[in-house]
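The next block holds one structure in the form of structure tokens; read it before the comments.
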Amino acid sequence: MAELTGKVQTVLGLVNPDQLGRTMTHEHLTMTFECCYIPPPPGDEAVAENPFQMQHMYWLRQNPYSCRENLLLQQETSAVRDELLAYKKAGGGTIVENTTTGISRDLPTLKQLAKDTEVHIIAGAGYYVDCTHSEATKEMSVEKLTDSIVSEVLHGADGTDIRCGMIGEIGTGWPITDSETKVLKATAHAQTQLGCPVIIHPGRNPAAPAEIVRILQEAGGDISKTVMSHMDRTILNETELLEFAKLGSYLEYDLFGTEMLNYSFNLDVDMPSDCQRVKTCVSFREGYEDKILIAHDIHTKNRLTKYGGHGYSHILKNIVPKMLTRGISQPQVDKILIDNPKRWLTFK
Ligand SMILES: CCC(=O)NCCS(=O)(=O)O
């Protein structure tokens, strides 16, 4: 698309890629996550019903998905606005907002937040995981899904003229369902037409990312312009990780700030700590330094600073200084936070 080539599309319009600055490539500013509610562990039912107050946040840190109120990030626009102002003050320039159809994307609110804070916000086109697909979505052909995704980028989404600047996060579970496979194929077809960035939410199985790449590739997708999210909880074995890295997608460590003992979506996974995430970035700094992206993927209320969480500035304020003490140079940090996001987000 000639008008888009060489540009980045924010909710306020096209910008020159050099304007983005430091970029978090996977965040949510307003969304609902009720689709992924998990009943509390036996014996904790009453605790889960506690008022949503600071003295109960210790429990939410370990059980974020077992309290319905915690899943309603869309109720916190004012706190998110304050956080974005703090993010800007900390040196942040851009947020890629990954909320897609199924988890309450709210483009007018994103546009207002971008105006109020002067943080560039890039919205995502497409569909989240199968359980959020409506019956109408499930019945759509790959061609119809492609048209809908293309239209969200070229004309605007959700009945507005606010345009998405990338496709994703496209949700998949494990095993990948028929409806998710159709959406992946449509994503690849739309990417072929638009030359746009794509970002994927893989299912929680180490085999999921490679299977997704295979489906995208067979449908003509450009893997070099595709981000595989949530690597932190998906491929933990080093040999398997290096094998996957060879396929050529961006590798996104986007759960910075999430430290929990039991990962309730997959109890077999030991969620890494931030120190372990930094170590992984260190091990990737030669060879794959052009492929690493990082973010917090804030999607529940308890991760906001208002509730004692780490907030959207955690990487800039705490992780970058840690990286510098562990052998990642300032130019390498700049690659991860500025150059790699810019390259990924620029339309071909
Ligand atoms: C919509 C937010 C989201 O999907 N976050 C991913 C959470 S996890 O699967 O990595 O736990």
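For segment 84-126, the set of residues classified as within 17 Å of ILE162 (Cα to Cα), surrounded by 18 or more Cβ atoms within 10 Å (Cβ to Cβ) and free of Cβ contacts under 8 Å to residues at least 60 places away in the same chain consists of THR101, VAL119, listed by residue number. When the residues of segment 164-193 are filtered to those that are over 24 Å from LYS111 (Cβ atoms) and within 15 Å of the ligand (Cβ to nearest atom), the one that is most open to solvent (accessible area, probe 1.4 Å) is TRP174. For residues in segment 13-43 being of a type in the set (D, E, K, R) and within 16 Å of the ligand (Cβ to nearest atom), which is most open to solvent (accessible area, probe 1.4 Å)? Filtering first and then ranking leaves GLU34. Residues that are within 14 Å of the ligand (Cβ to nearest atom) and among the polar types (S, T, N, Q) were ranked within segment 243-272; the one that is most open to solvent (accessible area, probe 1.4 Å) is ASN262. Tell me, yes or no, whether segment 136-151 has at least one residue that is farther than 30 Å from LYS115 by Cα, of a type in the set (S, T, N, Q), away from the ligand (no atom under 16 Å from the Cβ) and open to solvent by 30 Å² or more (accessible area, probe 1.4 Å). The answer is yes, given that some residue of segment 136-151 is farther than 30 Å from LYS115 by Cα, of a type in the set (S, T, N, Q), away from the ligand (no atom under 16 Å from the Cβ) and open to solvent by 30 Å² or more (accessible area, probe 1.4 Å).
Of the residues that make up segment 194-216, is at least one surrounded by fewer than 17 Cβ atoms within 10 Å (Cβ to Cβ), farther than 30 Å from ASP274 by Cβ and free of Cβ contacts under 8 Å to residues at least 24 places away in the same chain? Yes, segment 194-216 contains at least one residue that is surrounded by fewer than 17 Cβ atoms within 10 Å (Cβ to Cβ), farther than 30 Å from ASP274 by Cβ and free of Cβ contacts under 8 Å to residues at least 24 places away in the same chain.
Could you check, for segment 118-133, whether at least one of its residues is over 23 Å from ALA208 (Cβ atoms) and assigned to a helix (DSSP H, G or I)? There is no residue in segment 118-133 that is over 23 Å from ALA208 (Cβ atoms) and assigned to a helix (DSSP H, G or I).
Figure legend. Inter-residue proximity from segment 19-39: first residues free of Cβ contacts under 8 Å to residues at least 40 places away in the same chain, second residues more than 14 Å from the ligand (Cβ to nearest atom), beta-carbon distance below 7 Å, spacing 6+ or different chains. Indicated pairs: GLU34/ARG68; TYR37/ARG68. Residues in segment 277-316 that are among the aliphatic types (A, V, I, L, M) and closer than 24 Å to GLU240 by Cβ were compared, and the one that is farthest from the ligand (Cβ to nearest atom) is VAL282.
Checking ASP106, ASP116 one by one, the residue that is away from the ligand (no atom under 16 Å from the Cβ) and more than 20 Å from TRP174 (Cα to Cα) is ASP116 and no other. Could you identify the single residue in ILE315, ILE338, ILE298 that is surrounded by fewer than 20 Cβ atoms within 10 Å (Cβ to Cβ), within 26 Å of ALA123 (Cα to Cα) and not acidic (Asp, Glu)? Answer to the check: ILE338.
Beta carbons closer than 6 Å, at least 6 apart along the sequence or on distinct chains, pair a first residue in segment 237-254 that is of a type outside the set (Asp, Glu) with a second that is modelled with pLDDT under 95 for ALA245/TYR288.
The values are calculated or read from the model by the stated rules, or taken from the named source; none is laboratory data. Quick caveat, the model's predicted, so the values are computed rather than measured. Don't worry about glycine lacking a Cβ; one is built from the backbone with ideal geometry, like all the others, and counts go over all protein chains shown. Note: areas computed on protein heavy atoms with side chains; ligands, DNA, RNA excluded. Shrake-Rupley method; radii C 1.70, N 1.55, O 1.52, S 1.80 Å.
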